[in-house]
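This report refers to the structure that appears directly beneath it.
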Ligand SMILES: [Zn+2]
């Protein structure tokens, strides 16, 4: 719904006098988060500095861990007591194993397209944000798209930006992100950027595109 409203607002902006448009968000001063995706491969040896998530076998970067613990405490206080971490940092090698497993499972269904279809669901090694150490899968049961319709899923989608997380693969954005709707997958980008992405209903790809465009305008090529 929010996306529809944004598109409507954009259409209105385009047809109305440009001078009347709201100030564009200032993005030029922000550092651009690293993307791992079908278009941006992380090297095999990319390993961030990690700390263990207390009480689990998972690892995250310290800043992400602190934000996650804050968010989890508030989510639990808001009544979502069953939320738990389901995945955090994953190495290139782990991702390779997971991806190959998915390809094998898809082979009988998709044949020659198995690898391509598997990549939408389980990223290829080097293309998973979980290798960055700043990404979590969080849900109150198995990782299904229906989680997004639960009270806990809605709470996370609406509040995660307050802690610096973004819902990384929102519904209806597969053509932009290359990944299916994942209501459980949250990427830490810091509170400033998370709020901008939330307010504008952007994906991370759209944020990066807009930020780069503004930087080019601020520092035109000679
Ligand atoms: Zn994930």
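No lab work stands behind these numbers, since they all come straight from the coordinates. If you're wondering where the values come from, they're calculated on a predicted model, not measured in any experiment. Positions of Cβ are generated from backbone atoms using ideal geometry, with glycine treated the same way; all protein chains shown enter the neighbour counts.
Quick look at the values:
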item	result
Principal semi-axes in Å for the stretch 44-108 [√(5λ), Cα gyration tensor, largest first]	28, 18, 8
Percentage, to the nearest whole number, of Cα pairs in the stretch 155-220 over 21 Å apart	24
Residue-span extension gain [residue 117 to residue 77] - 0.36 nm each, minus C-alpha spacing	10.5 nm
Radius of gyration and maximum dimension Dmax of the stretch 20-71, Cα, Å	16.6, 53
Tilt relative to the chain, helix 204-218 - C-alpha long axis, 0 to 90 degrees, to 10	40
Equivalent ellipsoid semi-axes - Cα gyration tensor, the stretch 61-149, angstrom	29, 17, 8
Size of the chain as Cα extents on the principal axes (Å, biggest first)	53, 47, 34
Crossing angle, helix 92-110 versus the chain [Cα axis fit, 0-90 degrees, rounded to tens]	90
Scattering curve values for the stretch 106-205, log₁₀ I(q)/I(0), Debye with Cα scatterers, q = 0.10, 0.12, 0.22 Å⁻¹	-0.28, -0.41, -1.21
Residue exposure sequence - 97, 150 - by fewest surrounding Cβ within 10 Å	97, 150
Cα shape, the stretch 134-180, gyration tensor, a/c 1.5 rule	oblate
Value of relative contact order over the chain, rounded to a whole percent, pairs C-alpha under 8 Å and six or more apart	22
C-alpha long axis of helix 2-15 to longest principal axis of the chain, angle in °	30
